[in-house]
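Worksheet for the structure shown next.
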Amino acid sequence: MNNNRQQIAIQRLSTLLEHLSGQAKKIDQLNAKNKSHYLIENNNLFSKHLFSTESDKFSPYTKEVTKRLNEFSRLYNSSANNINKAEFALSSLKRIEEQISALMKAIQANQTMHQAAQVSFDARKKVRVKSAQVKQLQQNDIYNKIAKNVLLSSHQLHQQLIEHHEFERRLMEMISEREQQRMRSRASNIDKLSQEVLALHQRLGRCRKAISAIEQKIKLAEKKSLR
């Protein structure tokens with residue numbers, strides 16, 4: 001009777017793994033087309049204590065679990081009269097269930113993780129464009145005609161703008177890192193990491209308000225210098 005239950009469990013996990021493998025292939029293909037994926041590629045999706053596989057793609061992990069499940073099935077079928085083998089097989093089954101659970105959570109979190117990466121990607125692009133604009137403004141010959149006090153004020157504002165954009169970029173990187181940590185963490189750490197992500201988003205909002213205020217001051221200073 002117990003053997004029948006185990007066979008049912010094996011079949012259930014095998015069916016679930018087939019479904020996860022299909023999902024993994026589709027998600028890996030979509031991620032490869034996502035420009036923001038380069039921010040998180042080459043980073044292992046799971047910790048080494050959970051998977052021996054090291055990859056930023058889901059499919060290699062589903063293959064590892066499938067291999068483990070096949071090994072478990074063979075070991076369990078050969079352990080009918082060996083208590084030690086049976087206990088070892090059951091501990092392997094627990095490990096397989098942990099891996100499958102982690103895979104399911106990671107697949108569900110994939111979209112959120114890439115949304116955060118996309119925000120970071122857009123922020124970096126914005127910083128590069130605006131930094132180039134600021135440098136161009138600083139090099140413009142028109143500043144040679146501005147009075148000394150106006151020039152000093154404008155230079156300080158641009159310096160502040162560059163510093164705030166750098167701070168914005170660092171915040172986005174921190175948000176992306178926390179999101180990845182949250183995806184890989186156990187349930188006991190998820191709430192703490194979620195609070196950290198929320199706090200970082202609040203800081204990011206204040207930073208962007210400050211950037212808008214500085215940009216407005218720069219516009220006013222430039223209009224004043226052209227009068």
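Every number here is computed from the coordinates shown, using simple stated rules; none is lab data. In this text the structure is predicted, and so the values were computed from the model without any measurement. No Cβ is skipped: glycine too gets one built from the backbone with ideal geometry, and neighbour counts run over all protein chains shown.
If contacts are Cα pairs under 8 angstrom and at least 6 residues apart, what is the relative contact order of the range 158-227 in percent? Provide the component values of the computation, followed by the final result.
Values: 32 pairs, mean separation 30.4, N = 70.
Here the relative contact order equals 43 percent.
Checking the table 105/192; 48/105; 26/192 against a 25 Å threshold on Cα-Cα, which pairs fail? Provide the component values of the computation, followed by the final result.
Numbers: 105/192 17 Å; 48/105 17 Å; 26/192 31 Å.
Pairs exceeding 25 Å: 26/192.
With r defined as the distance between the Cβ atoms of residue 220 and residue 173 and R0 fixed at 30 Å, what FRET efficiency is calculated, to the nearest 0.05?
Working: r = 32 Å, r/R0 = 1.05.
The formula returns an efficiency of 0.40 here.
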